[in-house]
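Participant: Here you go, one structure.
Rule-based calculations on the coordinates, nothing more; no lab input. Bear in mind that the values here come from a model prediction, so they are computed numbers and not experimental data. Cβ placement follows ideal geometry from the backbone for every residue including glycine, while neighbour counts extend to all protein chains displayed.
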Amino acid sequence: MKGERRDGMVYWGLAMASCAHVVEEYVWPGGFLEAAREIAPGAFRHASLPIVVGVNAAMIAGCLEGARRSPRSPFLGLSMASLLHLNGLLHLGASFKAKRYVPGLVTGLALYLPLSIKAFSNYRRSEDYRPWVAWGAAFLGVIWHSIPFAAFLMRSMKGKER
């Protein structure tokens, strides 16, 4: 039980990291939405501040719920770890493409990547490990991350109907 409690702390760390990441993107130094529109105009043309606030609130809520559920079931926490891992990699790719810092890069690399790897590593070492849970959670994290982009695409298609 003691090891389970300690291993579950990584999910709370991911929740705190998601809050720090949002601060980096939108408060200090901020400017993520503008940078994203510059780097990937097709993907972010129809993104607005209210939408990204909702997306980030949902991400933080998912991380908190994943942390809360982790002692009984790691699936949601692992799916959020997957989402955050992908997000960190996308910030790295965006920074390479822009040839400059893109807000979210520091927390993506320094927090998201190591904590998400730790979450999956802890689960892999647990006696409850099931490969389908790990793979399913990893896949679901990619799906979670794709939802806002699907919404942006639908929003752009709605604008073309008029």
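Participant: Could you grab the Rg to Rh ratio for region 55-98? Cα atoms only, Kirkwood for Rh.
Facilitator: Rg/Rh: 1.12.
Participant: Listing I60, I117 from the residue with the fewest other Cβ atoms within 10 Å to the one with the most, what is the order?
Facilitator: I117, I60
Participant: Could I have the simple spin-label model distance between D128 and E34, label points 7 Å from Cα toward Cβ, reported in nm to one decimal?
Facilitator: 4.5 nm
Participant: Still on this structure, please answer the following. Helix 113-125 versus the longest principal axis of the chain: what angle, 0 to 90°, nearest 10, using Cα atoms?
Facilitator: 30 degrees
Participant: From the P(r) of region 18-82, can you give the percent of Cα pairs sitting at distances over 20 Å?
Facilitator: Cα-Cα pairs in region 18-82 separated by more than 20 Å: 39 percent.
Participant: Continuing with the same structure: Taking all pairs of different Cα atoms in region 2-149, averaging 1/r and flipping that mean, what Kirkwood radius in angstroms comes out?
Facilitator: Here the Kirkwood hydrodynamic radius works out to 15.5 Å.
Participant: Measure nothing but the geometry: give the 0 to 90° angle between the long axis through the Cα atoms of 2-26 and the longest principal axis through the Cα atoms of the chain, rounded to 10°.
Facilitator: That works out to roughly 10 degrees.
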